[in-house]
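The values are calculated or read from the model by the stated rules, or taken from the named source; none is laboratory data. These numbers were taken from a predicted model, which means no experiment stands behind them. Backbone-built Cβ (ideal geometry, glycine too); neighbour counts: all protein chains shown.
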């Protein structure tokens, strides 16, 4: 009877342990998580477009991101798990990532537009510098040269 009661108490006490609020020892800050998830998004997109280029250059995207941010995979997994338990906080992190991606998109679009304008402007300058002669020009000979040719 005592053994059964002891086992029941142990099982009940295990049920009261709430690991939801346990903060990992080396929790990644929210700002750094935004940067990591942003980089992961960029790498993910580039893998879809230029996977062969990444492979040819020997780049391992996951290792690159972990090394860049000076973290290990376990630290990232534990931090990601911790933040994912608080849905509002997790959504806030992903909204910041999305905002950062949108800002980057706008910068790129602006750069492309500026490049197109500069290229069009440069083309116009080149066209103005070198006028086109559509008519075939006839060689002009001086009168002396014409008379020399006729005499021979």
- Message: Please verify whether residue 82 is under 19 Å from residue 22 (Cβ atoms) and either in contact (Cβ under 8 Å) with a residue 40 or more places away in the chain or part of a helix (DSSP H, G or I) (or both), treating the condition exactly as stated.
- Response: yes
- Message: When you check residue 72 against the structure, is it in contact with a helix residue (DSSP H, G or I) (Cβ under 7 Å, 6 or more places away or on another chain), over 14 Å from residue 33 (Cβ atoms) and surrounded by 10 or more Cβ atoms within 10 Å (Cβ to Cβ), yes or no?
- Response: yes
- Among the residues of region 19-39, write down those that are at pLDDT below 90 and surrounded by 12 or more Cβ atoms within 10 Å (Cβ to Cβ). 24
